[in-house]
Amino acid sequence: MPLFYDTLGALSFMERLERNFITADRWRLLLDGLGTTLQVSFMAVILGIVLGVLLAFMRLSKARPLSFLSGAYIDIIRGTPLVVQLMIFYFVLLGPTTKLDKAIIAAIAFGCNSGAYVAEIVRGGILSVDHGQEEAGLSLGLTRAMTMQYIVLPQAFKNILPSLGNELIVLIKETSILGYIGVVDLARAGEQIRARTLDAFLPLIAVAVVYYVLVKFLSFLLLRLERRLRESDQR
Amino acid sequence: MISVEGLHKSFGELEVLRGVHTRVERGEKVVVIGPSGGGKSTFLRCLNLLEIPTSGAVLFDGIDITARNCNKPAIRRRMGMTFQHFNLFPHLTVMENMTLAPKKLGLMGKAEAAQEARELLERVGLPDKANEYPGRLSGGQKQRIAIVRSLMMKPEVMLFDEPTSSLDPEMVGEVLEVMKRLALQGMTMIVVTHEIGFAREVGDRVLFMDEGRILEEGPPDQIFSDPRQPRTRDFLNKVL
Ligand SMILES: Nc1ncnc2c1ncn2[C@@H]1O[C@H](COP(=O)(O)OP(=O)(O)O)[C@@H](O)[C@H]1O
Ligand SMILES: [Mg+2]
């Protein structure tokens, strides 16, 4: 093996590319890792939004215990590192007590984390809608729920779309700590290639490029959605 | 029709309404005047339960609507309200603004609501604005739309909270015109305004409100020409 190590410097760039990505179908590692990253992120985003909206309503509710509970949850999540939360979910809460797949547990952990941030975004969005809008809705005889649904939330959603998009992007990048509980995501796949080829540069740059392209692609989609929503009210 | 008895409203320590008594008959046009901060808006908002009175009663056709078990949306349906800042829904077209409530509350079908909206728009001279978004309308147009949006619910009484005070002067007339026509059709109206001309022409009775009470009330001619309270006189001197 030491011999192998020494020869690394003597390899041409093409040979290094081949060794890192082609030999033993190593590119498949990256592709599978990307798949895992996307799956976990997708589940986490859905959970995060559902939980976030729920927490935001609790936080804004007039019922003190609900508001307090939501506030405490958000406070704890925001006050502790995500890696620690992930490990607690896996090693303490769900790992020992359930037969859930690692990736599912991770998605739950990321979703619970994201929910706290989404809650703050949604809460801010609801508060950003002029109070007069709600009063106009109520004065027409609409119920509180209808006023929320047809008047406040659509306007809030438009206001928070950029922040929600940002949260989505942050979340995807944050899943790169999946390796801590042994899930082979995109980042960990790069790490595995590095360990086998003992070449740090190419696998890590490749991983970075894939994340970057993914993020750019999502930003592009979000921007288009934003523009479409803005056109609809031609202000 | 509406009977207000000993109405009090406090926001924390601040006592904004300190015992308001009055009656409004069906078809009557009541104009409320008074200095800023005197509680005029709070009074109107207590009538349709946007604010819950601290104590006192508001009887609407004999029913105490401040009772805890009263169905607020059902009461509000019978009272239209327009606001100083119009509060049109910016994400909806004029047509959607107008038809949202009657449709969602199941009072009108889609076609019926659209037909009704078109007729109302015609009456306020804005038939071509149906598919426009509020952001593209002038203040006067917005307020006219806000009025007909309320009328879609076929209310029995209309509450107006300074409907012209955020408008450029040249747009005040068109909004008052719509209100005058509404008055001629027999609508019961309670109007907070500083438009003395309108009050004289349309009002049956003027209430002067200050510091949370009705300090003086009477027919417009008497209030504007011969106010009894020094406070009313001071106020009128400032606005006239
Ligand atoms: N939601 C509220 N919370 C606290 N204070 C309020 C609220 N609404 C009105 N007030 C206060 O009540 C007083 C009367 O206000 P308002 O009824 O709007 O008077 P007006 O319409 O005659 O100018 C003001 O001092 C105002 O600051
Ligand atoms: Mg006011």
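The values are calculated or read from the model by the stated rules, or taken from the named source; none is laboratory data. Since this is a predicted model, take the numbers as computed values, not measurements. Every residue, glycine among them, receives a Cβ derived from its backbone with ideal geometry; neighbour counts consider all protein chains shown. Note: accessible area is taken over every heavy atom of the protein model, side chains too, but ligands, DNA and RNA are not part of it. Shrake-Rupley method; radii C 1.70, N 1.55, O 1.52, S 1.80 Å.
Odds and ends about this structure:
- Condition met for B:Val32 (over 16 Å from the mean Cα position of the chain (by Cα), buried (at least 22 other Cβ atoms within 10 Å of the Cβ) and among the hydrophobic types (A, V, I, L, M, F, W, C)): no
- So B:Lys104, is it open to solvent by 20 Å² or more (accessible area, probe 1.4 Å), away from ligand 1 (no atom under 16 Å from the Cβ) and out of contact with any Lys or Arg (no Cβ under 8 Å at 6 or more places or on another chain): yes
- Single residue of B:Val16, B:Val24, B:Val4, B:Val30 found to be away from ligand 1 (no atom under 16 Å from the Cβ), under 30 Å from B:Asn237 (Cα atoms) and hydrophobic (A, V, I, L, M, F, W, C): B:Val24
- When B:Ile190 is tested against (1) free of Cβ contacts under 8 Å to residues at least 12 places away in the same chain; (2) within 18 Å of B:Arg45 (Cβ to Cβ), only condition (1) is not met.
- Single match in A:Ala189, A:Ala136, A:Ala119 (criterion: aliphatic (A, V, I, L, M) and at pLDDT below 95): A:Ala189
- Of the criteria (1) charged (D, E, K, R); (2) more than 30 Å from B:Glu51 (Cβ to Cβ); (3) open to solvent by 80 Å² or more (accessible area, probe 1.4 Å), which one A:Lys102 fails: (3)
- Some residue of the stretch B:108-127 being facing another protein chain (nearest Cβ under 8 Å) and either in contact with a strand residue (DSSP E or B) (Cβ under 8 Å, 6 or more places away or on another chain) or in a loop (DSSP other than H, G, I, E, B) (or both): no
- Only one entry of A:Arg188, A:Arg194 meets the criterion of being without any contact (Cβ under 8 Å) to a residue 24 or more places away in the chain and part of a helix (DSSP H, G or I), and that entry is A:Arg194.
- Check on B:Ile75, touching a Cys at 6+ places or on another chain (Cβ under 8 Å), surrounded by fewer than 21 Cβ atoms within 10 Å (Cβ to Cβ) and closer than 30 Å to B:Leu17 by Cα: no
- Qualifying residue in the stretch A:201-208 (condition: open to solvent by less than 10 Å² (accessible area, probe 1.4 Å) and either at pLDDT 95 or above or within 14 Å of chain B (Cβ to nearest Cβ) (or both)): no
- Residue, farthest from B:Ile147 (Cα to Cα), within the stretch B:112-132, restricted to residues that are in contact (Cβ under 8 Å) with a residue 24 or more places away in the chain and open to solvent by 90 Å² or more (accessible area, probe 1.4 Å): B:Asn131
- Against the list (1) open to solvent by 20 Å² or more (accessible area, probe 1.4 Å); (2) more than 16 Å from ligand 1 (Cβ to nearest atom); (3) of a type in the set (Phe, Trp, Tyr), the condition B:Phe60 fails is (1).
- From the options A:Phe89, A:Phe57, residue that is open to solvent by 30 Å² or more (accessible area, probe 1.4 Å), assigned to a helix (DSSP H, G or I) and more than 30 Å from B:Leu107 (Cβ to Cβ): A:Phe89
- Boolean, A:Gly137 is open to solvent by less than 20 Å² (accessible area, probe 1.4 Å) and touching a residue at least 12 places away in the same chain (Cβ under 8 Å): yes
- Those helices (runs of 4 or more DSSP H) lying entirely in the stretch B:1-104 with at least 1 residues within 14 Å of chain A (Cβ to nearest Cβ), touching a strand residue (DSSP E or B) at 6+ places or on another chain (Cβ under 7 Å) and away from ligand 2 (no atom under 16 Å from the Cβ): B:72-77
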